[in-house]
Amino acid sequence: MQKTSNAFVAASWVALGAGMIGYLVGLWRSEMLLNEIGYYFTVLMFGLFSVISLQKSVRDRIEGFPVTDIYYGICWFGTILSIVLLIVGLWNATLLPSEKGFYGFAFLLAIFGAIAVQKNTRDNMTITEQK
């Protein structure tokens with residue numbers, strides 16, 4: 001196994017940061033009620049946690065570490081649920097279509113970045129342990 005390139009590690013962190021910061025700045029500057037802001041913030045945090053947990057579970061299974069079927073299923077359920085909650089929230093929101101698209105793409109960029117950062121961290125940790 002080869003160490004992950006610094007360029008991909010940096011790109012992963014940039015994707016995570018750009019997605020999260022863009023999403024959060026959008027919430028901060030929005031004219032939504034506090035309960036709506038809280039909903040979208042919670043969906044982001046839940047989504048980030050669930051995709052990191054899912055990536056770790058998938059990787060553990062590939063590497064032969066035990067992962068129970070129930071936990072693996074919960075990880076998938078949490079990931080899908082966070083995306084569905086965002087879609088339902090945005091579908092019913094009184095936002096401009098461009099704002100809805102902004103939140104959707106910022107969310108997807110953030111969860112992609114979280115998956116990539118987790119993968120890079122795991123890859124580099126495995127390589128360091130093998131030395």
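The range 61-80 and the range 1-60 have Cα centres separated by 20 Å.
Can you list which of the GluC sites (Glu not before Pro) found in the range 1-66 are DSSP loop residues with at most 12 other C-beta atoms within 10 Å? In loop regions of the range 1-66 (DSSP not H, G, I, E or B), the sparsely surrounded GluC sites (Glu not before Pro) are E31, E63.
Where a number appears in this text, it was derived from the coordinates with a stated rule and is not lab data. Here the structure is a predicted model, which means the values were calculated and not measured. For neighbour counting, all protein chains shown are included, and Cβ atoms are generated from backbone atoms with ideal geometry for every residue, glycine included.
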